[in-house]
Structures are given as structure tokens and as C-alpha cells.
Amino acid sequence: MIVVLACGCFDPLHYGHLLHLEEAKKLGDWLVVAVTVDHMVNKGPGRPVFNQEQRAAMVRALRCVDDVAIVENGEEAIRIIKPDVFVKGIEYEGRLKEKALVESFGGRCVFTSGGPIFSSTRLLTGDYLAVFGAVSR
């Protein structure tokens, strides 16, 4: 069984997250999504909008997700899950600090494109044209 791990805060969960997780699921047999605990979400004032249990419940409801864990950070998730594949969005390529840890367990890192890059922060700050304009491209 090939275990795939995706990690993030998913606050708020949006279409880009769905595309990313659907692509991640195609890379293996079992998709585990690690949701960052509230006190480790460093996205600015008023974040996270949804608490860790709410964010985990929304992610868990997605058909492509097999399991959800609430963790301090990606490194903790990798140490616990020891995934065969660790998936991040293409925007993290070249700056993934967890790469060596994943490889130390025999895993590999994959960067998904998932189409246009969406941003929860842009969505919440009212930069809707930047977010939704990407959909029409």
C-alpha cells in the first residue's frame, strides 16, 4: 500500500485545496491529510478562521481523503505517518524544508500543479479578482 501525505492549515478550505488533494490521492492508495493545529497557524491576525476540529472535519468530508490527523507541523506528520509520498503545492518546489526528512524514511516529495494557484489569504483579504480570476484562465 502506497501512503500519501498532504499537509497544511486548510483555512479556509477552497477549490485549490480540493484540486491539490484529488491529485495527491492519484499518487497512492491511502491519502492522509495533516491539518495544522490552531496555535501553529501563522497566517496573520484573525487566523485561523475555522478551528482545527472544524478544518479537519471539512477535509475529512472530501471523498478523496482517507484519513485526517491534526498535527503541530509537517515534520511531526512525516515522523508519525512515514509516507511513501509527501505532496505539496507547486509553489513550495525548491523551498521544502521537510524534503530530507521524507527521503530519510525512503519516501519521495511530489509537487502538484492542480491548475491555478489559489490563496486563502487573498480570499480572506478581499482580493477576489486575484483568486477567482484564476478560475477563468
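For the range 34-81: of the residues being among the aliphatic types (A, V, I, L, M) and without any contact (Cβ under 8 Å) to a residue 12 or more places away in the chain, which is nearest to MET1 (Cα to Cα)? My answer is ILE80. When you check LEU13 against the structure, is it over 23 Å from LYS82 (Cα atoms) and out of contact with any Gly (no Cβ under 8 Å at 6 or more places or on another chain), yes or no? Against the criterion (over 23 Å from LYS82 (Cα atoms) and out of contact with any Gly (no Cβ under 8 Å at 6 or more places or on another chain)), LEU13 qualifies. In this entry, ASP84 passes the filter for residues that are in contact (Cβ under 8 Å) with a residue 40 or more places away in the chain and under 21 Å from LYS26 (Cβ atoms).
Residues are listed down the side, and each one gets a yes or a no for (1) open to solvent by less than 20 Å² (accessible area, probe 1.4 Å); (2) modelled with pLDDT under 95; (3) out of contact with any strand residue (DSSP E or B) (no Cβ under 9 Å at 6 or more places or on another chain):
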position	(1), (2), (3)
VAL4	yes, no, no
LYS25	no, no, no
VAL35	yes, no, no
GLY44	no, yes, yes
ARG63	no, no, yes
ILE70	no, no, no
GLU93	no, yes, no
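Search the range 102-126 for residues being open to solvent by 60 Å² or more (accessible area, probe 1.4 Å) and at pLDDT below 70, and hand back the single one that is nearest to the chain's Cα centre (by Cα). Looking at residues that are open to solvent by 60 Å² or more (accessible area, probe 1.4 Å) and at pLDDT below 70, I get ILE117. Would you confirm, using the coordinates I've provided, whether PRO12 is out of contact with any strand residue (DSSP E or B) (no Cβ under 8 Å at 6 or more places or on another chain) and open to solvent by less than 30 Å² (accessible area, probe 1.4 Å)? Judged against the criteria, PRO12 is a match.
All of (1) touching a Gly at 6+ places or on another chain (Cβ under 9 Å); (2) surrounded by 16 or more Cβ atoms within 10 Å (Cβ to Cβ) hold for LYS97 with one exception: (2).
The helices (runs of 4 or more DSSP H) found entirely in the range 1-101 that carry 3 or more residues being over 13 Å from the mean Cα position of the chain (by Cα) are 52-60, 74-81.
The values are calculated or read from the model by the stated rules, or taken from the named source; none is laboratory data. Just so it is clear, the structure is predicted and the values come from calculations on it, not from any experiment. Backbone-built Cβ (ideal geometry, glycine too); neighbour counts: all protein chains shown. Protein only, heavy atoms only, side chains kept; ligands, DNA and RNA dropped before computing areas. Shrake-Rupley method; radii C 1.70, N 1.55, O 1.52, S 1.80 Å.
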